[in-house]
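Let me begin by presenting the structure, written as C-alpha cells, before commenting on it.
No lab work stands behind these numbers, since they all come straight from the coordinates. The structure presented is a predicted model; accordingly, all values stated were derived computationally and were not measured. In this analysis, Cβ positions are derived from the backbone assuming ideal geometry, glycine residues included, and neighbour counts consider all displayed protein chains.
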Amino acid sequence: MTTADEPQTTPSFNDLGLGEQSLRVVRELRFEQPTPIQAQALPPLLAGRDLLGEAPTGSGKTLAFALPILEGIDLANRAIQALVLCPTRELATQVAAAIRTFGRHRPGLRVVLLCGGTPAAPQRKALEEGVHLVVGTPGRVLDHLGRGLDLSHLRTVVLDEADRMLDMGFAEAVQAILRTLPTPRQTLLFSATLPATIAAMSRTWQRHPVHVRVAESADHKPLIRQIVHPVAPQDRQAALGAVLRAHKPASALVFCNFKESARGVALLLAKAGFAADALHGDLDQRERDKVMAKFRNGTVKVLVATDVAARGLDVAGLAAVVQFEFPSSPEVYVHRIGRTGRAGVPGLAVALVGPGDAEKLAACEAAGVGKIERQPVPTHNPHHAPGPASSAAVDTLFISGGRKDKLRASDILGALTGEAGLQASVIGRIEIGERLTYVAIAQPVLGQLVGRLQSLRIKGRNFRVERVQ
Ligand code: ADP
Ligand code: MG
C-alpha cells in the first residue's frame, strides 16, 4: 500500500487531471478549491488506481469519487459501468442526486437508485431500459442481483461510508455483491474510521490501493465551538429551550438517544412555540422524506432526531447541533458534532450533561474531540421574543409529480407563478423527488392559497397539490 504525499500547496482543480466537463461543473457549483481528500484522491482515481480513503463526514468524498467515475463512463454503452454502495437510503439518494448534478453536462447519462422503501418495479423498468451507473444500499442491490441485475460490464465499485455499512449489518451483503463483480476492476473504499474490519476488507478486495488519509488536522478541522451545560435530569427540556433561545440558531439538529425521547422532546418544543419536528425510526419512509424536506426548506427549524434517523441527513450550513442526551461513545459524539460547521461555516455544538454523563464526557475529552467549554445553562428572559428557531416563516406545499413525470424546477415555478398566480418572490426551495415535489412557500400566502388550489396544471397534466401538515 502506498500513501499519497500531503500536497505542499493548495492545488487548484485545474491541476488534477480533470476533463473540461468536470471543470465546468465545478466552476458552476462555485467550488473554488478542492478539499484535501479531493486533491489527494482525484489524480490516482483518474489514473485507475484502487483507493482506500479515510476521511471524516463533510470532507467532500462524493465529488472525489464521482468525477473520475463520470469521466470513465462510455455513454454510448447503456450498461452498468459503476456501482456505489451506501449504508442508508438517504445517503444513497443524496449521492445519486450529487452524481446527477456532477454529470449534468453528459447528455444521456442514466443513473438509477436502488434502495429499499421504494417499489422495486420502477427500478426494474429503469434497469431494463439501460443505465450507466447504479447507486444503492447493499440489501436492495443484492435483491436485484438475485433477479438478474447485470453487472458484467462494471469497471468501478465504491463502498461509501464503509464503516457505517458494517455497523448496519451489511458486511455479508457487501461481500456477496463484491464476489459477483468482474475483475479487473477499480475498487474504492471510503470510511471515516479504519477499524480492523475495514482494513481486512481492503486487503481482500483491493489491489495495491493508494491510501489517502485526511486527518482532522488544525487546518482542515471545521470550526465548531463545543459547549456543555450541566443539567439535572428534570431540567433537560427547559435547558434545551433556553439554549435555543440564547443562541437563536437558524437551524438546529437536536440529538436524542431514543426514539421515545425524540418524539417527546419535539412535541414539547412545538408546544413551546418552536418550529420543531421529530425524525425517528418509527416513521415510514414517506413521513421521513416529508420531515427532511421541511427541515431542508426551513419550515422546520429544529429537528429532533435519533442517531440512526439522522444518518442520512445532509443539510448544508447547519447552525447548531444540540445533544439533548449525551451519547454513549466518543465516536457518536464526534459524528453528531460533525453535522455543524461544515464546509467552512462556523458551527455550534451544545451538549446537556446530566449527573450520570460525567464518565462519558471524560471519555470524549480523553479521545481528543477538541476543546469543550463548560458553562451554566443560559438564563433566558421569559418576556424575550422567541428566536428565529421559533418563527417558521415558510410552509411546504406538496405536488404529486416529480422527476419521473419530467417535471423540472422551472416548470413548477412557471405553473405556480402562472396558473396559481403566486409571485416568484414568495416561492422558496423547490425539491423534486422521483414522483413528488416539495415547494417552500411564504406562510401567509400559502394560507390563502390552499383553499382554492387543489390541483395544478403543469406541462399539460394535472397534479394534486396540498399543504404538508
Ligand atoms: P462527505 O461525503 O465526505 O461527507 P460530501 O461529498 O457530502 O461529504 O460533501 C459535503 C459538502 O461539501 C457538500 O455540500 C458538497 O457540495 C460540498 N463540497 C464538496 N466539495 C467542495 C469543494 N471543493 N468546495 C466547496 N464545497 C464542497
Ligand atoms: Mg458522503
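For a protection proxy built on the mean count of beta-carbon atoms within 10 angstrom, sort 253-265, 163-175, 131-143 highest first, please.
Values: 253-265: 20.5, 163-175: 17.4, 131-143: 22.7.
Ranking the peptides 253-265, 163-175, 131-143 by packing returns 131-143, 253-265, 163-175.
Over 21 Å, how big is the tail of the calculated P(r) for the stretch 83-146, in percent of all Cα pairs? Each step should come with its number before you reach the end.
Details: 316 of 2016 pairs.
So the portion of pairs separated by more than 21 Å is 16 percent.
Enumerate the lysines that Lys125 could reach by cross-link, defined here as Cα to Cα under 25 Å, with residues fewer than 8 away along the same chain left out.
Leaving aside lysines fewer than 8 places away in the same chain, those within reach of Lys125 are Lys404, Lys406, Lys459.
List every DSSP H helix in the chain whose Cα atoms extend 15 Å or more along the helix's own long axis and whose mean Kyte-Doolittle hydropathy is at least -1.0.
Values: long enough: 36-46 (16 Å, 0.70); 61-72 (18 Å, 1.02); 89-102 (19 Å, 0.36); 236-247 (16 Å, 0.24); 259-271 (18 Å, 0.31); 285-296 (16 Å, -1.76).
Helix filter hits for the chain: 36-46, 61-72, 89-102, 236-247, 259-271.
Over the chain, consider all pairs of different Cα atoms and compute the Kirkwood hydrodynamic radius from their mean reciprocal separation; express it in Å, one decimal.
Values: mean 1/r = 0.0422 Å⁻¹.
Every distinct Cα pair counted, the radius reaches 23.7 Å.
Write down the percent of antiparallel bridges among all DSSP beta bridges whose residues are both part of the chain, to the nearest 5. Don't skip to the end; give the middle numbers.
Values: 17 of 70 bridges.
Roughly 25 percent of the DSSP beta bridges within the chain come out antiparallel.
So what is the relative contact order of the stretch 2-213, in percent, for Cα pairs below 8 Å that sit 6 or more residues apart? The partial results should precede the final answer.
On the way: 360 pairs, mean separation 61.0, N = 212.
In percent, rounded to a whole number, it is 29.
Considering the zone a paramagnetic label at Ala121 would reach in this model (a point 7 Å from Cα along the Cα-to-Cβ line), which residues of the stretch 428-463 have amide N under 19 Å from it?
434-436
Normalise the Debye intensity by I(0) for the stretch 1-151, one equal point scatterer per Cα, no solvent, then take log10 at q = 0.09, 0.13 Å⁻¹ and round to two decimals.
Normalising to I(0) and taking log10 leaves -0.30, -0.62.
Return the FRET efficiency for the residue pair Gln33, Arg106: r is the Cβ-Cβ distance, R0 is 25 Å, and the value is rounded to the nearest 0.05. It would help to have the intermediate numbers written out before the result.
Values: r = 24 Å, r/R0 = 0.94.
The formula returns an efficiency of 0.60 here.
Using Cα-Cα distances under 8 Å and only pairs 6 or more residues apart, what relative contact order does the stretch 224-390 have, in percent? Present the calculation step by step, with values, prior to reporting the outcome.
On the way: 314 pairs, mean separation 64.6, N = 167.
Value for the stretch 224-390: 39 percent.
To the nearest 500 deg cm²/dmol, what mean residue ellipticity at 222 nm is calculated for the chain from DSSP H runs of n ≥ 4 alone, each contributing -39,500 (n - 2.57), summed and divided by the residues? Mind showing how you got there, number by number?
Working: 17 runs with 166 residues, N = 469.
That comes out to -10500 deg cm²/dmol.
Could you list the GluC sites (Glu not before Pro) in the stretch 21-70 that lie in coil according to DSSP, counting only those with at most 16 other Cβ atoms within 10 Å of their Cβ?
On the way: sites: Glu28, Glu32, Glu54; in loops: Glu32.
When the GluC sites (Glu not before Pro) of the stretch 21-70 are filtered for loop state and at most 16 Cβ neighbours within 10 Å, Glu32 remain.
So how strong a dipole does the chain carry about its Cα centre when Lys and Arg Cβ are +1 and Asp and Glu Cβ are -1, to the nearest 20 debye?
On the way: 55 positive and 44 negative charges, 279 e Å.
Approximately 1340 debye in magnitude.
Pulled fully out, how much extra length does the chain show between Arg147 and Lys271, if you take 0.36 nm times their separation in residues and subtract their Cα-Cα distance?
On the way: separation 124, 0.36 × 124 = 44.64 nm, distance 4.91 nm.
My answer for the length gained is 39.7 nm.
Mind pulling the per residue volume of the convex hull built on the Cα atoms of the stretch 234-356? Å³ is fine. Each step should come with its number before you reach the end.
Values: hull volume 12.5 nm³, N = 123.
Here the figure is 101 Å³ per residue.
With no solvent and one equal point scatterer placed on each C-alpha of the stretch 394-467, evaluate the Debye formula and give log10 I(q)/I(0) for q = 0.21 Å⁻¹, two decimals.
-0.82
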